[in-house]
Structure formats: C-alpha cells, structure tokens
Amino acid sequence: GNTQTRVLPSQALIRVDSSIDQPVLEALRAENPEVDILLAPTTPYEAPRIGQEKIVVNGTEVLARPTLGLYTFPLSFIGVPVVSAPIRRSAGLPLGVQIVGAPFREAQVLRVAAALEAAGVAAAPIAE
C-alpha cells in the first residue's frame, strides 16, 4: 500500500498528556490493517552539542535538556515498543525519529530500524 496512508501524522504524538494513549493504541491495533509502524520525531530539534545548555526553538531560547524528552515521554508510558534512530542529514547534527510499533511487535520495530540503517538513512556519524 501507499506508505502515506499507513503513517499516523506526528501531530497526534506531540500532545504531552494522557489523551495520547487512545489514538496511538487504536492506530496500532492488530486488527487495523492501515498502520504497521508509526514514525514520530524524537526531539523537537536537532541533537544539541555536548555541554550545550540552551537551544533556540521557533525564535525562543529554551533549556535543551528538559525539552529533549518532550516527544518520547508519552510513548514510553503506553506500553508500545519504540526505537529511536538518528537520521543522517547532509549538514548539521542528526535528527531523531521514533519508530513505534504495536504492543508485542518488537521484532517489527527492530526490522524497520535495521532497514533504515542498511539503506544509509539512519546513521550516527561522529560529530566534529
């Protein structure tokens, strides 16, 4: 099928509250043939440099560390397997993507992560 129709928009994952459980779990139900894997951002910005305390997001300077888990916390608490993979960029530090699977589908999530790595999409080059 068309991959665009098989991905839940990441906007559904950005809300940091308990209302995230239902739409994510519904999308990942075994009976749902429309969605196999969800892709969502890992962080709201590129990886900060080691020791970097602040980062500018949409024109506002924020503390880097407290906001790093903004998109990962909700998924960590609803009982689904998640792998975070660094996505290679032509310039700058990598962006992270979360590969989210249905409950008990860890193997599927790991296969997608391995496929991204094999294709050269997911990579963690040494920062200079």
List pairs: first in the range 53-82 and farther than 30 Å from PRO103 by Cβ, second open to solvent by less than 90 Å² (accessible area, probe 1.4 Å) and of a type in the set (Gly, Ala, Ser), Cβ under 9 Å, 6+ apart or cross-chain?
GLU53/ALA64; LYS54/ALA64; ILE55/ALA64
Need the failing condition index for SER76 against (1) open to solvent by less than 40 Å² (accessible area, probe 1.4 Å); (2) over 15 Å from ALA124 (Cα atoms), just the number.
(1)
Spot the failing condition for PRO86; the list is (1) open to solvent by 80 Å² or more (accessible area, probe 1.4 Å); (2) touching a Pro at 6+ places or on another chain (Cβ under 8 Å), and only one is missed.
(1)
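The values are calculated or read from the model by the stated rules, or taken from the named source; none is laboratory data. This is a predicted model, so every value here is computed, not measured. Neighbour counts run over all protein chains shown; Cβ positions are idealised from the backbone, glycine included. The protein model used for the area step is the full one, side chains on, heavy atoms only, and it has no ligands, DNA or RNA in it. Shrake-Rupley method; radii C 1.70, N 1.55, O 1.52, S 1.80 Å.
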